[in-house]
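The values are calculated or read from the model by the stated rules, or taken from the named source; none is laboratory data. Every value quoted in this text rests on a predicted model; they were computed, and no experiment measured them. Note that each Cβ is placed from the backbone with ideal geometry, even for glycine, and that neighbours are counted across all protein chains shown. Surface accessibility is based on the protein's heavy atoms, side chains included, excluding ligands, DNA and RNA. Shrake-Rupley method; radii C 1.70, N 1.55, O 1.52, S 1.80 Å.
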Amino acid sequence: MYAIVGITGQVGGAIARNLLAQGKSVRAIVRDATKGDVWAGKGCEVALADINDAVTLRAAFEGMDGVFIMLPPIFDPSPGFPEAKAAIESLSIALSAAEPARVVCLSTIGGQLERPNLLNQLHMMETALGKIGLGVTFLRPAWFMENMTWDVAPARDAGIIASFLQPLDKPVPMVATADIGKAAAQLLTMDAQPLRVVELEGPQRITPNDIGAAFSKVLAKTVTMQAVPRASWESLFRSQGMNNPLPRMQMLDGFNEGWIEFEGGEANSAKGLTTIETVVRELVAATSESG
């Protein structure tokens, strides 16, 4: 049986669907029992646990052949990342006690970096879990293509997408969550290794202009990308309710300046199959259905 933290999210859900399709048994780890109902309906066992509670996490991890873990996404962290540190500590304690045969940890491109930015949360998790003595695989995916969810409405309604990724012709490593889920499911069922890093991106790198072109094709209208001036980021993010926008700004700088990159470079990253057009088409369809 394989336990999945974050099963109600895009990546965790994709992993669970891949494992269920292989006939594997899955334990859905959720905080709220009602959120586990849909997975119980798919044949999963449901375990209640909180990411900050090592006791409930240990109980959820015990007896598992493999465990997938991830940090809750925190885009506006408190200075020093105390939220991530608390979750990492409880995960480390629970895993050390439960000793599952395999652990796959969702990290990120740039997970090896100490240079300050939002992704330091994942670097801290890699550092901590690398010391617990279990077979841990760190899966480092590129920028999620599904981040374009927020671009659907402005593309459809105004034909303009504001881009923090810039210059607009700079290729950026991106990957679809479907490919992340497939890769993680494979890693969970492979022979355990002491420590392993797998870096994953899509079939080709994508420029912001490529995103505009994909929306233009799917929506059958011209969609233009507009770079958001760097000088306006802090005030804009604060106006949107962020209290500590600096880590996010540093992360964006890292992608734009090229220092957030795979440790093994593009040549050594695993490549998914899902294209940007496929994801844009799915996002547009999903938004139309929900609307």
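Before moving on, here are some points about what is shown:
- In this structure, the residue pairs whose Cα-Cα separation is over 29 Å, taken from Lys170/Lys271; Lys24/Lys85; Lys131/Lys182, are Lys24/Lys85.
- Note on the stretch 154-252: with charges restricted to the Cβ of Lys and Arg (+1) and Asp and Glu (-1), its dipole about the Cα centre is near 240 debye.
- Residues in the stretch 119-136 that a label on Arg31 would reach, taking backbone N under 20 Å of a point 7 Å out along Cα→Cβ: 121-122, 125
- Protein heavy-atom surface of the chain, 1.4 angstrom probe: 53% of the accessible area is carbon and sulfur, with nucleic acids and ligands not counted.
- For the set Glu201, Glu83, Glu266, solvent exposure ranked by accessible area (probe 1.4 Å, protein chains only) runs largest to smallest as Glu266, Glu83, Glu201.
- Span from the the stretch 66-126 Cα centroid across to the the stretch 184-249 one, whole angstrom: 19
- The overall shape of the stretch 177-291 is oblate: from the C-alpha gyration tensor, with semi-axes ordered a ≥ b ≥ c, the ratio a/c is 1.5 or greater and a/b is no larger than b/c.
- With the charge dipole of the chain set up from +1 on Lys and Arg Cβ and -1 on Asp and Glu Cβ about the Cα centre, the Cα lying farthest toward the positive end among the listed residues Met251, Pro100, Ile29 is that of Ile29.
- With Cα atoms, 0 to 90° folded angle of helix 82-98 axis to the chain main axis: 30
- The calculated P(r) of the stretch 23-133, using every Cα pair and 10 Å bins from 0, goes 14, 43, 32, 11, 0 in percent.
- Taking every DSSP helix (H) stretch of at least 4 residues in the chain, weighting each as -39,500 (n - 2.57) and dividing the sum by the residue count yields a mean residue ellipticity at 222 nm of -12000 deg cm²/dmol.
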